[in-house]
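What follows is calculated from the coordinates using simple rules that are stated; it is not laboratory data. These numbers were taken from a predicted model, which means no experiment stands behind them. A quick note on method: Cβ atoms are made from the backbone with ideal geometry, for glycine too, and the neighbour counts reach across all protein chains shown.
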Amino acid sequence: MHAPDAAPTDETPHTALAGLLDGLPPRQAAQAVDRLIGHYRGRTPTDAPVLRDRSDVAAYAAYRMPATFEAVRAALDAFRARTPDWAPATHIDIGGGTGAASWAVAAAWPRAGTPPRSWTGPSPR
């Protein structure tokens, strides 16, 4: 999953993830998550692509996006509590993965310019 060029104002991480998972059999997603966990724990050769197909992309997003979003949102909430009069004009999410950090910034500062881009193109489908 790559971040859209401009996030629709009515789309949330939850709806984006639901759309990505739509039609993917739960067993296929679970098998992909298990394979990805094996990769991250060093049981999979690193010379092969990690995200091979749509089920891998969906599994990665389902497994990582919610936790990443909540972790970044918690950090930004703590930052905002210490700097209540400050707000970014824009931001950039380098190495955005699922775009979870961009979603968290948009939740914290809805008026901040959000330019998520995927320089690598869309993930495998």
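In table form, for the structure just shown:
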item: Segments 63-76, 81-94, 19-32, 98-111 sorted - mean Cβ within 10 Å per residue, highest first; result: 98-111, 63-76, 19-32, 81-94
item: Three-way shape label, region 13-108, alpha-carbon gyration tensor, a/c 1.5; result: prolate
item: Gain in span if fully extended, Ala67 to Ile92, counting 0.36 nm per residue against the direct Cα distance; result: 7.0 nm
